[in-house]
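Beneath this line is the structure, given in structure tokens, with notes to follow.
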Amino acid sequence: MLKRLFRFVVKTSIWFVLLSVLWVLLYRFIDVPFTPLMGIRSFQAQDSYEIRHTWTDLEDISEEIKLAVICAEDQNFIQHNGFDLKAIEKAYKDNKSGKNLKGGSTISQQTAKNVFLWPKRSWIRKGMETYFTFLIENLWSKERILEVYLNSIEMGEGVFGVESAAQYWFQKNAKQLNRHESAALAVILPNPRKYNPAVRTPYLERRKQWVLKQMNNFGELSLAEK
């Protein structure tokens, strides 16, 4: 009995690894058409739910929004291998001291969660997130990770990706986003269904000014460093 159970676990694990690697490799080359979160939001909606999602290649996205999300979410994105231990340690200390809850997740981790997993926190999901982060960091380039991230991130009620966000919030395409609009979009990412980037509240304005300062200090963005 134990021998058969062991064989079943081994076979299941092998199939899981093979299929997950193939899944990640597939998204290395083709656009991500749909994410689990889109399905969850549609299922949770009581009324008809419109999903706004238009894929846009990285070269057709403003350099300003690329820099803004990196400065707001993961300033060590280019250097790390998917996990920023200093950010995780800082988030742990902040959460323990009673400050606002922060996840410490990198752009790579967020991409793994957004594209392959579900949003609800659990140890199982965190373990799967770690596994898929390892895969995309080793099977995708940094450019591809950022491209998928910018096309899958939730940026409003039913709004997914920077192209749809630019059209929905600013009536322009992602290539035309300027520095201030990009910073305004970046600051809503922790809670995109609560905040409106087109409305200037004291909190969002403080966050926006902080992101703009980080963008000025960061300098020119080059994804070819790794």
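Assorted remarks:
- One residue stands out among those in segment 43-60 that are aromatic (Phe, Trp, Tyr) and part of a loop (DSSP other than H, G, I, E, B): the one that is farthest from residue 142 (Cα to Cα), which is 49.
- Screening the candidates 10, 32, 17 for the property of being of a type in the set (A, V, I, L, M) and not in a helix (DSSP H, G or I) yields one hit, 32.
- Residue tally, condition touching a Lys or Arg at 6+ places or on another chain (Cβ under 7 Å) and surrounded by fewer than 18 Cβ atoms within 10 Å (Cβ to Cβ), over segment 51-78: 2
- Set side by side, the residues 186, 174 differ, and just one is small (Gly, Ala, Ser), under 21 Å from residue 104 (Cβ atoms) and either modelled with pLDDT of 95 or more or surrounded by 12 or more Cβ atoms within 10 Å (Cβ to Cβ) (or both), which is 186.
- Pairs where the first residue, in segment 10-24, is under 12 Å from residue 116 (Cβ atoms) and the second is of a type in the set (Val, Ile, Thr), C-beta under 7 Å, 6+ apart: 24/136
- Among (1) part of a helix (DSSP H, G or I); (2) at pLDDT 95 or above; (3) β-branched (Val, Ile, Thr) - the single one residue 40 does not satisfy: (2)
- Meeting the requirement of 3 or more residues that are free of Cβ contacts under 8 Å to residues at least 24 places away in the same chain and within 16 Å of residue 68 (Cβ to Cβ), the helices (runs of 4 or more DSSP H) wholly within segment 132-220 are 202-218.
- Segment 58-87, residues that are within 16 Å of the chain's Cα centre (by Cα) and under 10 Å from residue 182 (Cα atoms): 65, 66, 67, 68, 69
The values are calculated or read from the model by the stated rules, or taken from the named source; none is laboratory data. Remember, predicted model here, so these are calculated numbers, not experimental data. Positions of Cβ are generated from backbone atoms using ideal geometry, with glycine treated the same way; all protein chains shown enter the neighbour counts.
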